[in-house]
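S.K.: Please see the structure below; I have some questions.
The values are calculated or read from the model by the stated rules, or taken from the named source; none is laboratory data. Note that the coordinates shown come from a computational prediction; the quantities given were computed from them, not determined experimentally. Every residue, glycine as well, gets a Cβ built from its backbone with ideal geometry; the counts of neighbours run over all protein chains shown.
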Amino acid sequence: MAREAVALIKCDSYDRNEVFSSVNEAINILGGLGHVIHPGMTVFIKINLLMKKNPEDQVTTNPMVVAAVAKYVESLGAKVIVGDSPAGLFNERALKGIYDKCGITEMAEQEGITLNYDVSTKDVFYEDAAVLKKFTVVKAIYEADAVITIGKLKTHGMTAFTGAVKNLFGCIPGLTKAEYHYRMPKLVDFSNMLVDIAAFINPVFSIVDAVYGMEGDGPSAGTPRKIGAIIAGFNPHAVDTVAISITNAEPLSICTVKRAQERGLFSGDIKDIDVKGAEISALLVKDFKQAKVHSTSIFKGNIPLIFKPFIPILEKTLTTKPVINVQKCVGCRDCYNTCPAKAIKMAGNKAAIDYSKCIKCFCCQEVCPHLAVNIDRSLLLRMLSK
């Protein structure tokens, strides 16, 4: 398998001049984008706008990184459209609210960049998909001549990591994402679906905003962490491999990288990447707090017959689950409206989880704007994890 080139460029802040310089260096060190983007093309820049959060919260792609990429693409004579399909409803009002809160509207007005407000969808068929051959995508993304993904380096409650590949799940419109969570509760199927979507969308270029990332209980309830990097390349799996390596984690421990390796899309080995720019060792965050999630069964392989009747009990005992912090819950109903399994009910203006229905997708924790959903690991599981 040929070595993939990935740019790793130091970037210490979101100062406009520094970000523009770092993004331009990342693109140019890889030979530019002139061979994949041509004058007259429409390029959709898919960013990560999970929810209404200020840029300083480090939940969403920073507006300055978006601006730098958009202006570079425009310099090639292409038309740029910037957007996302965040969690929850996908309509013009919802998009405007999230663009405004995340600083995207202000950036677009200052830089003269077009934002997507087309909420129409398109049903597509992908013959080479592993698990999801027919799915629904945002029409504006489907109709673009090229797509660039700009993810945010964050931990994730279900997939452990979100970057360039996981960001493309936002090509699925609004609450349809919740439907896919419900249809594919097993991590192996869900991660294969993410790789299916990435392969179908086939971004011409991938960037991870790692100037600041998020560690711990990401993708929305974790802790912002300075990393100081812009990561970019033509293969989103290779880009994620570098991003994961910077957090001092094993790339093949991340489900999307593992699925890519199994399907021959990338080896998942950092040795197969020609890292251009900074050395990984120079930007390595040795004490980065990984996501404390165990979404799949730990009882795999050949289990002695005598123990098999006890596996359901043990799995329930050792499970990780979302828990509502009633002191923080304000009854906004975001988790109620998003839950794909309809496992959340409202009781006394507070959310409550029916664990007999919960599929452990952690969508509730992902979308809660008040950080009122915690990830609970049993005492036994915490002891075994040490």
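S.K.: Can you find, within the stretch 100-125, the residue that is farthest from Tyr14 (Cα to Cα) among those that are charged (D, E, K, R) and loosely packed, with under 13 Cβ neighbours inside 10 Å?
M.R.: From the stretch 100-125, those charged (D, E, K, R) are 100-101, 106, 109, 111, 118, 122-123; that's our starting set.
This time we only want the ones that are loosely packed, with under 13 Cβ neighbours inside 10 Å, so: 100, 109, 123.
Numbers: Asp100: 18, Glu109: 18, Asp123: 37 Å.
The selected residue is Asp123.
S.K.: Here's something else I'd like to know. Looking only at residues in the stretch 211-265 that are in a strand (DSSP E or B) and either outside the structural domain of Asp57 (by TED's automatic domain parsing) or of a type in the set (Val, Ile, Thr) (or both), which one is surrounded by the most Cβ atoms within 10 Å (Cβ to Cβ)? Let's see the steps before the verdict.
M.R.: Step one: filter the stretch 211-265 for residues in a strand (DSSP E or B), giving 211-215, 223-233.
Right, trim to either outside the structural domain of Asp57 (by TED's automatic domain parsing) or of a type in the set (Val, Ile, Thr) (or both) and you get 211, 223, 227, 230-231.
Values: Val211: 25, Thr223: 13, Ile227: 25, Ile230: 30, Ile231: 32.
If we take residues in the stretch 211-265 being in a strand (DSSP E or B) and either outside the structural domain of Asp57 (by TED's automatic domain parsing) or of a type in the set (Val, Ile, Thr) (or both), then Ile231 is surrounded by the most Cβ atoms within 10 Å (Cβ to Cβ).
S.K.: I'm trying to understand the selection: among the residues of the stretch 59-99, which are part of a helix (DSSP H, G or I), surrounded by fewer than 24 Cβ atoms within 10 Å (Cβ to Cβ) and among the small types (Gly, Ala, Ser)?
M.R.: Passing the criteria: Ala67, Ser75, Ala94, Gly97.
S.K.: Moving to a separate point now. Can you spot a residue in the stretch 226-245 that is of a type outside the set (S, T, N, Q) and within 25 Å of Leu89 (Cβ to Cβ)?
M.R.: Taking the stretch 226-245 first, the residues of a type outside the set (S, T, N, Q) are 226-234, 236-240, 242-244.
Then drop every residue that is not within 25 Å of Leu89 (Cβ to Cβ), which leaves none.
Taking every residue of the stretch 226-245 in turn, none turns out to be of a type outside the set (S, T, N, Q) and within 25 Å of Leu89 (Cβ to Cβ).
S.K.: So Val285 ticks every box in (1) crowded, with 22+ Cβ neighbours inside 10 Å; (2) of a type in the set (Val, Ile, Thr); (3) in contact with a Gly (Cβ under 9 Å, 6 or more places away or on another chain) but one. Which box is left unticked?
M.R.: Of the numbered conditions (1) crowded, with 22+ Cβ neighbours inside 10 Å; (2) of a type in the set (Val, Ile, Thr); (3) in contact with a Gly (Cβ under 9 Å, 6 or more places away or on another chain), the odd one out for Val285 is (1).
S.K.: Go through the stretch 37-50 residue by residue and tally those that are more than 21 Å from the chain's Cα centre (by Cα) and surrounded by 16 or more Cβ atoms within 10 Å (Cβ to Cβ). I'd like the intermediate steps shown before the answer.
M.R.: So in the stretch 37-50, the residues more than 21 Å from the chain's Cα centre (by Cα) come out as 37-42.
Going one step further and asking which of them are surrounded by 16 or more Cβ atoms within 10 Å (Cβ to Cβ), we end up with 37, 41.
Here the count works out to 2.
S.K.: Then there is this: When only residues in the stretch 102-145 that are in a strand (DSSP E or B) and out of contact with any helix residue (DSSP H, G or I) (no Cβ under 9 Å at 6 or more places or on another chain) count, which is nearest to Glu56 (Cα to Cα)?
M.R.: Keep residues of the stretch 102-145 that are in a strand (DSSP E or B), which gives 114-115, 121-125, 134-138.
The next check asks that each one be out of contact with any helix residue (DSSP H, G or I) (no Cβ under 9 Å at 6 or more places or on another chain); those that pass are 123, 125, 134.
Working: Asp123: 36, Phe125: 38, Lys134: 37 Å.
That would be Asp123.
S.K.: Moving on to the next point. Of the residues that make up the stretch 81-100, is at least one touching an Asp or Glu at 6+ places or on another chain (Cβ under 9 Å), basic (Lys, Arg) and closer than 21 Å to Ala178 by Cα?
M.R.: For the stretch 81-100, residues touching an Asp or Glu at 6+ places or on another chain (Cβ under 9 Å), basic (Lys, Arg) and closer than 21 Å to Ala178 by Cα: absent.
S.K.: Quickly run through the stretch 321-380 and pick out the residues that are among the hydrophobic types (A, V, I, L, M, F, W, C) and in a strand (DSSP E or B). Give the derivation first.
M.R.: Quick first cut of the stretch 321-380, residues among the hydrophobic types (A, V, I, L, M, F, W, C) only: 323-324, 326, 329-330, 332, 335, 339, 341, 343-344, 346-347, 351-353, 358-359, 361-364, 367-368, 371-373, 375, 379-380.
Val323, Ile324, Ile344, Met346, Ala347, Ala351, Ala352, Ile353, Val373, Ile375, listed by residue number.
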